[in-house]
Amino acid sequence: MLDAHDDLLERRLAALLERDRFPPSDAFRAAALIADGSAHAAAAADPVAWWAEQARALHWFRAPERTLDDADAPHYRWFADGMINASYNCLDRHVTAGLGERVAFHWHGEEGEQRAITYAWLLEQTQRAANALKALGVRRGDVVAVYLPMIPEVVVAMLACTRIGAVHNVVFGGFSPESVKERVEASDARVLITVDGARRKGRTAPVKAAVDAVGMPVARTLVVRHARSEDCPMSGRDAWWHEALAAAEPACPAEPLPAEHPLFILYSSGSTAKPKGILHTTGGYLTQVAWTHKNVFDLRPERDVYFCTADVGWITGHSYVVYGPLANAATSVMFEGAPDYPHKGVWWELCERYGTTILYTAPTAIRACMKWGPEHVERFDLSTLRLLGSVGEPINPKAWLWYWKAIGGERCPVVDTWWQTETGAITVTTLPGAQDAKPGSAGTPLPGIAASVTEDGLLTLDRPWPSMLRTLLGDPDRYAATYFPHGAGTYVAGDAARVDADGYLWLLGRVDDVIIVSGHNLSTAEVESAIVAHPKVAEAAVVAQVDADTGQAIAAFVTLEGDLEGDDALVDELRSHVARRIGKLARPKRIVWADDLPKTRSGKIMRRLLRDIADGRELGDVTTLREPAVMEELKRKVAERRTADGD
Ligand code: 6R9
């Protein structure tokens, strides 16, 4: 039974959920960079010409005369005759304009250390690092693997590569050395930039020793001294980063590169077993990343303080920690640690300390903060915030509302940004000064982007866009077959979606996250959202299990708020709660109480593994899991539940 307090909470939430539109305040709109439909309209009239116009915001050594080249579609090329350099756009341009002393990153370490990283410092370090790479034999087009934690040196390492036309392949610090090895081999990287040790919640992991233990197949390694690990073996092929930079020449002019020169490879943390090497190139990527970072976040670089909580090791970090903010001369907060160390309010402490105005994070983090409780938020002054962003998964309306109320103080627009490693930059969202938000919907295609939903409910992008992936490394046929199965004009994103009468897109999860119960399509996102709307629920993951009667049935893995314990009464209550919100058909057949859910390192729930346990199969690949131990616990609980349910 719900007590009176829960009942009130639920009624309040229900009232808010009824309100499906959240327009920006008049004050926000009045000051916004884009406050009406003009950008959408201008782009719709001639999308290719519109992108050519946006590319002019960058510095080009030679301005492109050609915009889109589709002669070899779906291998599209953008701005192919232009010459550009990403590090020049992120650094030299601003320093030349007199912004050298502007802080690029307020870096905040795990133990509270602070470093103010200026544009001038980044430029100086980047030039030295570029020369150090050259001294190790790195040439234009060579791949450099980067395996570093969230420290300023990771930005320097990436920009040093781009300065000389080397291609970075950043591997998220949370991945194991084995996966680094796999990616080093697949991308043929000759040099690895890594660290002595990585700090995590008060402990230090001996990264360099672990890298050596797997026999990393690179010719040379550069090692950043960060954690001062005692256990940091150095051999003949290893050099200390700080020594190599000190010995290097201070000047290294940025090389003019063709716009289609490869910028980076990023292996996508997908649900498939074999990682895909997504290749991005320079001019188109930078054009769209810079435009979206400025206009989706309504950025005023001279006064905003922007905090993106993503790790550089995944695409959000590449596009919205490094390239977008730096191309726009923004000031950002960069945080080394975890959201719950040294305490569960550390993000909010950082927002207060640095006067953060724009915050960009993921639904999984928002739900974790909800679960930890408001007391960790309320201790800090969040009044400088003026815009909030979400990325990575559909954000369920309950989490959206909590974000809007508890973090945004009911005054900050929330932009829910849909995009992928493959799209390189944001493609679907709302422009916060021009469009209303609808909690649970990402919004509409951005200017210059065409998207639609096919008859069978798949999201497609119907026109090439500048920051799209160019190919899968070493496998152009897989690129064409995976993303353009119906021909070169239509990019199939792999997400299920619905479009409403206003043209807003409602993302329903990856295609294989759709469940068919007695012939009716239900999306995991929708059912999860309904379950999470219950006041006692913190998080839920829903998957299909094989069912003799209905083909598929719904199994729900549910994490409760705080220290609440699940029981049979709550099972019934949740089932009828879902029936009320969606319909009887969507009632979970089985509910399993889970203290934790299996997630990738980037926070996405791995439903593939939950399907395996729901059906009692052998588990597939678990190497990308953040906490592999979670699975054993869940397996045991499912077995218990099966026995209790008598099957
Ligand atoms: C940027 C990033 C891509 C997949 C994508 C989709 C899901 C991301 C979303 C979203 C609904 C959003 N996704 N943002 N779903 N609403 N705002 O996350 O890239 O790691 O490649 O993941 O993430 O399913 O297809 P990536």
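The values are calculated or read from the model by the stated rules, or taken from the named source; none is laboratory data. All values reported here derive from a predicted model rather than from experimental measurement. Reconstructed Cβ throughout: ideal geometry from the backbone, glycine too, with neighbour counts over all protein chains shown. We work out accessible area using only protein heavy atoms, side chains counted, and drop any ligands, DNA or RNA first. Shrake-Rupley method; radii C 1.70, N 1.55, O 1.52, S 1.80 Å.
Residues being in a helix (DSSP H, G or I), of a type outside the set (Lys, Arg) and under 26 Å from Leu133 (Cα atoms) are represented in the stretch 276-284 by at least one member.
So, restricting to helices (runs of 4 or more DSSP H) that lie completely within the stretch 106-195, which ones have at least 2 residues that are open to solvent by 30 Å² or more (accessible area, probe 1.4 Å) and either over 18 Å from Tyr323 (Cα atoms) or among the aliphatic types (A, V, I, L, M) (or both)? Passing ranges, in order: 119-135, 177-187.
A quick yes/no check of all residues on (1) away from the ligand (no atom under 16 Å from the Cβ); (2) out of contact with any Gly (no Cβ under 7 Å at 6 or more places or on another chain); (3) hydrophobic (A, V, I, L, M, F, W, C):
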residue	(1), (2), (3)
Ile554	yes, yes, yes
Gly566	yes, yes, no
Ala569	yes, yes, yes
Asp572	yes, yes, no
Asp612	yes, no, no
Glu632	yes, yes, no
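Pairs are defined by a Cβ separation below 7 Å, a sequence spacing of at least 6 or placement on different chains, a first member in the stretch 599-621 that is open to solvent by less than 20 Å² (accessible area, probe 1.4 Å), and a second member that is away from the ligand (no atom under 16 Å from the Cβ) and not in a loop (DSSP other than H, G, I, E, B); the pairs so defined are Leu609/Met631; Leu610/Phe557; Ile613/Leu634; Ile613/Lys635; Ile613/Val638; Ala614/Gln545; Ala614/Ala555; Ala614/Val638. Residue-level analysis places Ala538 outside the set of residues that are hydrophobic (A, V, I, L, M, F, W, C), open to solvent by less than 60 Å² (accessible area, probe 1.4 Å) and under 27 Å from Thr421 (Cα atoms). Residues of the stretch 417-469 that are within 11 Å of the ligand (Cβ to nearest atom), assigned to a strand (DSSP E or B) and open to solvent by less than 10 Å² (accessible area, probe 1.4 Å): Thr417, Val428, Thr429, Gly443, Leu459.
Does the stretch 373-385 include one or more residues that are within 30 Å of Pro466 (Cα to Cα) and either in contact (Cβ under 8 Å) with a residue 40 or more places away in the chain or surrounded by fewer than 22 Cβ atoms within 10 Å (Cβ to Cβ) (or both)?
no
Looking at Gly324, is it open to solvent by less than 10 Å² (accessible area, probe 1.4 Å), away from the ligand (no atom under 16 Å from the Cβ) and either of a type in the set (Gly, Ala, Ser) or in contact with a His (Cβ under 6 Å, 6 or more places away or on another chain) (or both)? Criteria not met by Gly324. If you check Asp188 against the conditions, is it in contact (Cβ under 8 Å) with a residue 12 or more places away in the chain, among the acidic types (Asp, Glu) and on the phi > 0 side of the Ramachandran plot? Considered against the rule, which asks whether it is in contact (Cβ under 8 Å) with a residue 12 or more places away in the chain, among the acidic types (Asp, Glu) and on the phi > 0 side of the Ramachandran plot, Asp188 comes out as yes.
Scanning the stretch 211-225 for residues that are open to solvent by 40 Å² or more (accessible area, probe 1.4 Å) and not acidic (Asp, Glu) returns Ala213, Gly215, Pro217, Ala219, Arg220, Arg225. When we screen Ala44, Ala39, Ala71, Ala49 for residues that are modelled with pLDDT of 95 or more, open to solvent by 70 Å² or more (accessible area, probe 1.4 Å) and not in a loop (DSSP other than H, G, I, E, B), the only hit is Ala44.
Mind telling me which of the residues Val333, Val391 ends up being closer than 26 Å to Asp36 by Cα and either open to solvent by 20 Å² or more (accessible area, probe 1.4 Å) or touching a Ser or Thr at 6+ places or on another chain (Cβ under 7 Å) (or both)? Only one candidate qualifies: Val391.
Is there a residue in the stretch 553-563 that is assigned to a helix (DSSP H, G or I) and hydroxyl-bearing (Ser, Thr, Tyr)? There is no residue in the stretch 553-563 that is assigned to a helix (DSSP H, G or I) and hydroxyl-bearing (Ser, Thr, Tyr). Give me the pairs: first residue in the stretch 490-514 and open to solvent by 20 Å² or more (accessible area, probe 1.4 Å), second residue at pLDDT below 90 and away from the ligand (no atom under 12 Å from the Cβ), beta-carbon distance under 6 Å, and six or more apart or on different chains, which are they? Partner pairs satisfying both residue conditions: Val514/Asn521.
Test Arg77 against the stated conditions and say whether it is among the basic types (Lys, Arg) and surrounded by fewer than 16 Cβ atoms within 10 Å (Cβ to Cβ). No: the conditions fail for Arg77.
Inspection of the stretch 425-446 finds no residue satisfying the criterion of being touching a His at 6+ places or on another chain (Cβ under 6 Å) and at pLDDT 95 or above.
Restricting the search to the stretch 4-36, which residues are at pLDDT 60 or above, assigned to a helix (DSSP H, G or I) and open to solvent by less than 70 Å² (accessible area, probe 1.4 Å)?
Phe28, Ala31
Selection of first residues in the stretch 118-135 that are more than 15 Å from Ala239 (Cβ to Cβ) and of second residues that are of a type in the set (S, T, N, Q) and open to solvent by less than 10 Å² (accessible area, probe 1.4 Å), restricted to Cβ pairs under 7 Å at least 6 apart or on distinct chains, gives the following pairs, ordered by first then second residue: Thr126/Ser87. Answer yes or no: is there a residue in the stretch 607-628 that is assigned to a loop (DSSP other than H, G, I, E, B), modelled with pLDDT of 90 or more and under 29 Å from Trp419 (Cα atoms). No, the stretch 607-628 has no match at all.
Out of Lys208, Lys201, report the one residue that is within 27 Å of the chain's Cα centre (by Cα), surrounded by fewer than 20 Cβ atoms within 10 Å (Cβ to Cβ) and away from the ligand (no atom under 16 Å from the Cβ).
Values: Lys208 fails: surrounded by fewer than 20 Cβ atoms within 10 Å (Cβ to Cβ).
Being within 27 Å of the chain's Cα centre (by Cα), surrounded by fewer than 20 Cβ atoms within 10 Å (Cβ to Cβ) and away from the ligand (no atom under 16 Å from the Cβ) holds for just one of Lys208, Lys201, which is Lys201.
Looking only at the stretch 566-598, residues that are surrounded by 17 or more Cβ atoms within 10 Å (Cβ to Cβ), among the small types (Gly, Ala, Ser) and without any contact (Cβ under 8 Å) to a residue 24 or more places away in the chain come to 0 in all.
Anything in the stretch 394-416 that is within 12 Å of the ligand (Cβ to nearest atom), over 30 Å from Leu279 (Cβ atoms) and open to solvent by 30 Å² or more (accessible area, probe 1.4 Å)? List them, or say none. Selection gives nothing. In the stretch 472-482 there is at least one residue matching the filter, namely being open to solvent by less than 20 Å² (accessible area, probe 1.4 Å), away from the ligand (no atom under 12 Å from the Cβ) and not in a strand (DSSP E or B). Tell me, yes or no, whether the stretch 286-297 has at least one residue that is over 18 Å from Thr429 (Cβ atoms), away from the ligand (no atom under 16 Å from the Cβ) and of a type outside the set (Lys, Arg). Yes, the stretch 286-297 contains at least one residue that is over 18 Å from Thr429 (Cβ atoms), away from the ligand (no atom under 16 Å from the Cβ) and of a type outside the set (Lys, Arg). Regarding Asp512, is this residue under 21 Å from the mean Cα position of the chain (by Cα) and over 22 Å from Met370 (Cβ atoms)? Here the answer is yes, as Asp512 does meet what is asked.
Only a single item in (1) away from the ligand (no atom under 16 Å from the Cβ); (2) in a loop (DSSP other than H, G, I, E, B) is not met by Val312, and it is number (1). Report yes if some residue within the stretch 432-454 is among the acidic types (Asp, Glu) and more than 16 Å from His75 (Cβ to Cβ); otherwise report no. Checked the stretch 432-454: at least one residue is among the acidic types (Asp, Glu) and more than 16 Å from His75 (Cβ to Cβ).
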